[in-house]
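Below is one structure; the comments refer to it alone.
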Amino acid sequence: MIPLLHDFTGATVLVFGGGPVGARKARRFAREAEVIVVSPAFADERFGDAELVRAAPGPGDVGDWLERCEPALVVAATDDEAINEAAARAARERGVLVNRADRSGERDPGSVVVPATVREDPVVVSIATGGTAPALSKHLRRELEDQLSGASEMARVCAALRTELRSRDVDPVRRRELVGDVVKSPDVWTDLRTGASKPSQVIEDVLSEERATEGDLP
């Protein structure tokens with residue numbers, strides 16, 4: 001499977017299943033999408049801002065729900081394989097993405113895997129094991145959470161520094177060198193993580209050093 005980042009802003013995600021798995025999927029997508037969860041009962045869990053619809057559709061009713069909601073993604077997360085299969089089939093027939101929470105390994109065309117994610121906006125890192133080792137995904141996510149500390153500030157530094165250097169007509173090759181040096185600097189990472197330096201200060205330090213270097217040129 002090829003990993004992609006998908007923007008679900010304003011889209012609808014239709015979740016079949018109100019158990020713990022359905023709740024987890026709803027929380028994940030409700031950060032961005034309009035989520036509708038259809039289930040005869042709901043676990044005592046948080047569903048984010050999802051709309052909960054108490055209903056018990058059979059396999060033959062699933063298609064009607066897709067017609068009604070027009071989702072961009074269907075999540076099959078019930079404990080009934082027949083309903084999950086009907087949801088996946090109805091999604092494929094309509095060209096809609098589908099995530100089957102009860103399947104791992106082999107995938108059908110149009111399948112979507114929801115990976116473990118570490119987020120340091122605007123930096124996002126996802127880990128997937130093809131459904132074969134969820135425990136490993138969780139472990140790696142925890143490891144990466146520590147390593148990515150400060151990545152959001154570093155991303156802002158890089159973006160602002162590139163813009164500033166471009167405005168000063170710095171040669172593209174030199175721009176890449178300067179930004180690369182910042183990214184690879186352990187001291188800058190430490191300062192950003194601890195708050196010893198703000199992104200604006202890091203940028204000013206780089207520009208000051210660059211001006212001094214230019215002044216030394218014959």
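The values are calculated or read from the model by the stated rules, or taken from the named source; none is laboratory data. Not measured: the values here are computed from a predicted model. Positions of Cβ are generated from backbone atoms using ideal geometry, with glycine treated the same way; all protein chains shown enter the neighbour counts. Protein only, heavy atoms only, side chains kept; ligands, DNA and RNA dropped before computing areas. Shrake-Rupley method; radii C 1.70, N 1.55, O 1.52, S 1.80 Å.
Under a crude label model (7 Å from the Cα following the beta-carbon direction), how far is residue 133 from residue 169 in nanometres?
5.4
Put a dot 7 Å past each Cα toward the Cβ at residue 119 and residue 210; how far apart are the dots in nm?
Using points 7 Å along Cα→Cβ, the separation is 3.2 nm.
At 1.4 Å probe size, with every protein chain present, just tell me what the per residue accessible area of the chain comes to in Å².
On the way: 12860 Å² over 218 residues.
I get 59 Å² per residue for the chain.
Measuring from centroid to centroid over Cα atoms, what is the spacing of region 46-99 and region 152-218 in Å?
49
When the dipole is taken about the Cα centre of the chain, and only Lys, Arg (+1) and Asp, Glu (-1) are charged at their Cβ, what size is it in debye, to the nearest 20?
On the way: 29 positive and 38 negative charges, 54 e Å.
That gives the chain a dipole magnitude of about 260 debye.
For region 36-110, max minus min Cα coordinate along each principal axis, in Å, sorted largest first?
Cα extents, longest axis first: 33, 28, 22 Å.
Would you compute, for the Cα atoms of region 1-50, the largest minus smallest coordinate along each principal axis and list the three values in descending order, in whole Å?
Cα extents, longest axis first: 33, 24, 15 Å.
At a 10 angstrom cut-off on C-beta neighbours, averaged per residue, how do the peptides 172-185, 8-21 rank from highest to lowest? Can you show the working numbers first?
Values: 172-185: 13.5, 8-21: 19.8.
Taking the mean over residues of other Cβ atoms within 10 Å, the ranking is 8-21, 172-185.
Given (1) 12.8; (2) 15.5; (3) 17.5 as candidate values of mean projected area of the Cα convex hull in nm², which corresponds to the one derived from the coordinates?
(2)
Using Cα atoms only, what is the angle between the long axis of helix 134-147 and the major principal axis of the chain, expressed in degrees (0 to 90) to the nearest 10?
Rounded to the nearest ten degrees, it is 20.
Over the chain, with every protein chain in place, what whole percent of the accessible area is carbon and sulfur at 1.4 Å, could you tell me?
Values: 6290 of 12860 Å².
Carbon and sulfur together cover 49 percent of it.
Each residue of region 195-200 in order: what ³J(HN,Hα) in whole Hz does its phi give by Karplus 6.51 cos²θ - 1.76 cosθ + 1.60, θ = phi - 60°, with x for Gly and Pro?
My calculation for region 195-200 gives x, 5, 10, 8, x, 4 Hz in order.
From the gyration tensor of the Cα coordinates in region 160-217, what semi-axes in whole Å does the equivalent ellipsoid have, largest first, with each one equal to sqrt(5λ)? Don't skip to the end; give the middle numbers.
Details: eigenvalues 85, 28, 23 Å².
The three semi-axes for region 160-217 are 21, 12, 11 Å.
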